Amino acid sequence: MTFLFPERLWFLFLLLIPLIIHLFDFRKTIKAYFPHVRILRELTEKTKREQTLKRWILFAIRFLAFAFIILAFCMPVRKNEISNIASGDKLLIAIDNSLSMRYQSGSYTLLQQAKNSAKEAINNQSASTLIGIMPLSSTIKPNFHLKNESTQFIDSISYSPTFIDQYKTIFHTLNNSTAKSIILFSDFQKSDFPSDFFQLLDSINANIYLMPIESPQINNISIDSVFLGSPVVVKNSQGSLYVKLNNNSDIAEDGVKIEVYLNNKSVGSVVTNLPANTQTTEEISFPIGENNYFTGKVSTVDNGYDFDNNLFFSIHIPSDIRVYHCYENDYKTLIPNIFIGDSLFNYQKINLDALTNTNGQPAFYILESLNNISPDAFNNLLKKIQEGSAAFIVPPTNNANYLNSLLSKININIGNALDEQSLRVENISFSLPFFKGMFTSPPRNYDYPLVNKYYHLSKSIGNNLLSLTNGDPFLKQINYGKGNIYIVASPLQKEFTSLVQHQLFVPILLQMAFSSTQAMDLYYFTNQSAGIPLPINIGANGDVLENNKSIYLIDPINNTSYIPYITQGERAMLFFNNAIQRAEIYNLTIGDDKIPIAFNYPRNESRPIYWTQNELDSLTKNSTNITIGRYPITYGGSNIAVNPSKLPLWILFIILTIALLITEIILLRIWKNRI
């Protein structure tokens, strides 16, 4: 049972008045003096007890009668009687709970201001209006409740990061809500609400009231991203961390301090000046110890948003990268000089037929200008790549017929004959993940390598890492199973290309080797829809790992755990389905292994640019259902659709009141002159 007018329940305190009157008998007593008669005295005592009981019975009847009449005026209804309400009686209140609403404006955050305004809007509605409360992060069709029950749902709304194209999801949720009117409270940040959103609102069959939550001008500094100075980190060395810092305001900021923490200890800081609306990249050095994993945080302080002042990261240090190099005995190569003597790499020259003797861990295989490869050896190599290894294939110096026949089995084509036109590498695909962290910024006016002879590679498969001036691919990356295949179009000898002598070659070759370690990114985002690569080489089926190993993500602060879903494609991927709501370093537990993984809030809301009310008026001027800055003060007026097979509760209370009053009259008739 619930009440349409719960505020009238305060009248129940009026029942204290008859209670006080009854407890304190204000009737004046008269003393009468009689002769000493013992029998009359005993009769008086018995009559007094009977009268007291009768008065309490009458008081209870009157008390309940007044209580029932008050409850009747509060309009009690059964909760199951509100299900048949028409859609015209429904009001949906949508509240923006994105990260930008965390900004403190005066005594309240923008979200708290939106909540207070929403409660005020609810108080201005009629008691019979069904009201739905929806945070904009919700993708679930909202439920509708009576006015007095709606406030509790507002108080439960908390912050949630937005995701890409969230405005489309918001539109579909609003459109499917069946509400006749919608009130939307938001700061209307342009990054969250593009102009297309308001065109979509115009197609909703409901009256829409947009209520901007205005804030003062926000000068926000954000830590945009971090990346390592080297693609891989080596133990017992000095590392470099590059921090990108944005000034998202029209005011220059001087003396901005950036501090780096590793394993909860400050290891370095830098102070920089930021002109208005600019980005700067600062390098901070830090010591690297013996651990295989370490965690860190980059931090700054400003007067703007707080969600982008910290950026968490975790670094995995590979203990050993195996490099297996296959080339002819009479072939001269410079590649061994890159790996031999480096403690990070375990370099071996092997015969390709010996692949079956290598251990099962992922490795980096280099097939450099071999005259022939047996099908069995090549199939063994493909199996290794599917399990997570990487292979760099360099074509032979004269004829690639055998190589083409092998690669064609996996839909990779390479020309049989060399093209002898002299060209130059012209394009580097810096946007591809392969080059992430290789350069602090893309080089300009670069003297790219020369190419004198090359084979034509297929353009339709894989990523073109390097391309020639005529558009032909020169270096390709093809994902195969959990691993990668890299193919260069030319032999690496000097008469074919100057790539080996070029400064690009060493970092590219090292990046190929690092790709076999299956290292995780420094950090991920809480709203990440893409999968996270499984950080160890282990098979999975659905959400079950090989050897029945358990896998879950532990929140070290709340001591809660999340079980990810695992997809098995070219590489096993983890999905958390928006379960991660807070930026922090979590522990990914796989069997007995614990791997730190960092999650951060997305930075798409870091730039405080909002739609003003004038801009909203302009965007919606041709709309027939959108109103800016105001909402209906009184709404609805329809009655609750009750079940006709049941007696309404308010009528039942009236009947009980009448029955009690009739009972009192009857008792007074019976007890006449006896009380």
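The values are calculated or read from the model by the stated rules, or taken from the named source; none is laboratory data. Treat the numbers as computed from the prediction; the structure is a model and nothing was measured. Because the Cβ atoms are built from the backbone with ideal geometry, glycine has one as well, and the counts that use them run over all protein chains shown. For accessibility, only protein heavy atoms count, side chains too; no ligands or nucleic acids. Shrake-Rupley method; radii C 1.70, N 1.55, O 1.52, S 1.80 Å.
Checking the conditions here, which among Thr151, Thr162 is open to solvent by 20 Å² or more (accessible area, probe 1.4 Å) and among the β-branched types (Val, Ile, Thr)?
Thr151
So, in segment 571-607, exactly how many residues are open to solvent by 20 Å² or more (accessible area, probe 1.4 Å), at pLDDT below 85 and touching a Leu at 6+ places or on another chain (Cβ under 9 Å)?
Matching residues across segment 571-607 total 5.
List, please: which pairs have Cβ atoms under 7 Å, are six or more places apart or on different chains, and start with a residue in segment 44-69 that is at positive phi and end with one that is modelled with pLDDT under 80 and open to solvent by 50 Å² or more (accessible area, probe 1.4 Å)?
Hits for this filter: zero, empty list.
How many of the residues in segment 104-128 are more than 24 Å from the chain's Cα centre (by Cα) and β-branched (Val, Ile, Thr)?
Total satisfying the criteria: 1.
Which one of Thr272, Thr300, Thr333, Thr280 is hydroxyl-bearing (Ser, Thr, Tyr), touching a strand residue (DSSP E or B) at 6+ places or on another chain (Cβ under 8 Å), within 20 Å of Ala598 (Cα to Cα) and touching a residue at least 24 places away in the same chain (Cβ under 8 Å)?
Exactly one of Thr272, Thr300, Thr333, Thr280 is hydroxyl-bearing (Ser, Thr, Tyr), touching a strand residue (DSSP E or B) at 6+ places or on another chain (Cβ under 8 Å), within 20 Å of Ala598 (Cα to Cα) and touching a residue at least 24 places away in the same chain (Cβ under 8 Å), namely Thr300.
Can you tell me which residue in segment 211-256 is farthest from Thr281 (Cα to Cα), limited to those that are touching a helix residue (DSSP H, G or I) at 6+ places or on another chain (Cβ under 6 Å) and of a type in the set (A, V, I, L, M, F, W, C)?
In this case the residue turns out to be Ile213.
Among Ile30, Ile82, Ile39, which is the only one that is touching a strand residue (DSSP E or B) at 6+ places or on another chain (Cβ under 7 Å), over 22 Å from Glu664 (Cα atoms) and modelled with pLDDT under 65?
That would be Ile82, the only listed residue that is touching a strand residue (DSSP E or B) at 6+ places or on another chain (Cβ under 7 Å), over 22 Å from Glu664 (Cα atoms) and modelled with pLDDT under 65.
Please enumerate the residues belonging to segment 105-129 that are open to solvent by 40 Å² or more (accessible area, probe 1.4 Å), under 22 Å from Gly304 (Cα atoms) and touching a helix residue (DSSP H, G or I) at 6+ places or on another chain (Cβ under 8 Å).
Across segment 105-129, the qualifying residue is only Tyr108.
This table checks each residue for (1) among the polar types (S, T, N, Q); (2) not in a strand (DSSP E or B).
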| site | (1), (2) |
| --- | --- |
| Ile204 | no, yes |
| Leu210 | no, no |
| Ser215 | yes, yes |
| Ile223 | no, no |
| Lys235 | no, yes |
| Tyr242 | no, no |
| Ile251 | no, yes |
| Gly255 | no, no |
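Report, by residue number, each residue of segment 234-257 that is of a type in the set (A, V, I, L, M, F, W, C) and over 29 Å from the mean Cα position of the chain (by Cα).
Scanning segment 234-257 gives Val234, Ile251, Ala252.
Which one of these is in a loop (DSSP other than H, G, I, E, B), open to solvent by less than 30 Å² (accessible area, probe 1.4 Å) and under 20 Å from Asn600 (Cβ atoms): Tyr331, Tyr305?
Only one candidate qualifies: Tyr305.
In the set Asn264, Asn236, which member is open to solvent by 10 Å² or more (accessible area, probe 1.4 Å), on the phi > 0 side of the Ramachandran plot and touching an Asp or Glu at 6+ places or on another chain (Cβ under 8 Å)?
None of the others qualify; the one that does is Asn236.
Phe193 versus (1) over 30 Å from Phe435 (Cβ atoms); (2) assigned to a strand (DSSP E or B): which is the lone unmet condition?
The single condition Phe193 does not satisfy is (2).
Can you say whether Asp202 is open to solvent by 60 Å² or more (accessible area, probe 1.4 Å), farther than 28 Å from Tyr524 by Cβ and in contact with a Ser or Thr (Cβ under 8 Å, 6 or more places away or on another chain), as far as the supplied structure shows?
The answer is yes for Asp202.
Considering only segment 380-400, state which residues are over 20 Å from Thr333 (Cβ atoms), outside any loop (DSSP other than H, G, I, E, B) and either acidic (Asp, Glu) or at pLDDT 85 or above (or both).
Residues satisfying the conditions are Asn380, Leu382, Lys383, Lys384, Ile385.
Whether any residue in segment 367-375 is part of a strand (DSSP E or B), open to solvent by less than 50 Å² (accessible area, probe 1.4 Å) and either closer than 26 Å to Leu403 by Cβ or at pLDDT 90 or above (or both) is what I want to check.
yes
Check Ser369 against each of (1) of a type in the set (Gly, Ala, Ser); (2) within 17 Å of Tyr486 (Cβ to Cβ); (3) within 41 Å of the chain's Cα centre (by Cα) and name the one condition it does not meet.
Looking at each condition in turn, Ser369 falls short on (3).
Would you mention how many residues in segment 272-295 are within 21 Å of His316 (Cβ to Cβ), small (Gly, Ala, Ser) and not in a strand (DSSP E or B)?
1
If you check Ser177, Ser117, Ser100, Ser126, which single one turns out to be more than 21 Å from Gln199 (Cβ to Cβ), at pLDDT below 90 and polar (S, T, N, Q)?
Answer to the check: Ser126.
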